[in-house]
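What follows is a short report on a single structure.
Laboratory data are not the source of any read-out in this text; all were calculated from the coordinates shown. Bear in mind the structure is a predicted one, so any value in this text is a computation, not a measurement. For neighbour counting, all protein chains shown are included, and Cβ atoms are generated from backbone atoms with ideal geometry for every residue, glycine included.
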Amino acid sequence: MMTEVEFLAGARADFDAAFDWYSARSESAAKRFIEEVQASLDRIALDPERFAHLDDVFRQGRMKRFPYRIICQHAGNRITVMAIAHHSRRPEYWRRTAE
């Protein structure tokens, strides 16, 4: 059974900003970004427990083709996406909305 995935507003804003950045440079890169986010979310939803812990609550799934990680919380039958965070920008900025 696949787990339900929901985005917090901050994660949606992260996605939109990254998509806009890729879209301004290349339509095909923007399309690949969307596909990679979806593939990453599918992997997380299929087996959320296999992804690395950031702490006792949050896990991260790294995207394969883009320098982003999906920060999420798994509880019951739900994955809550906290952030789609660039590997090298503003580390742990997303924690402000998680507390």
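Using amide H atoms built 1.01 Å from N in the peptide plane, name the residues 5+ places from R62, or on other chains, whose amide H lies under 5 Å from its own.
Placed amide hydrogens put I70 under 5 Å from R62.
Radius of gyration and Dmax for the chain's Cα atoms, expressed in Å?
So, for the chain, Rg and Dmax equal 12.9, 39 Å respectively.
About the Cα centre of the range 4-87, what is the dipole size in debye to 20, counting +1 per Lys and Arg Cβ and -1 per Asp and Glu Cβ, all else neutral?
Using Cβ point charges on Lys, Arg, Asp and Glu, the range 4-87 gives about 320 debye.
What spacing in nm lies between the two simple spin-label points modelled at H87 and E6, each 7 Å away from Cα in the Cβ direction?
Modelled inter-label distance: 3.2 nm.
Tell me, what is the FRET efficiency for A13 and D42 to the nearest 0.05, using R0 = 30 angstrom and their Cβ-Cβ distance as r?
Efficiency, rounded to the nearest 0.05: 0.90.
Take Q73 and H53, extend 7 Å from each Cα along the Cα→Cβ direction, and tell me the distance between the two endpoints in nm.
1.6
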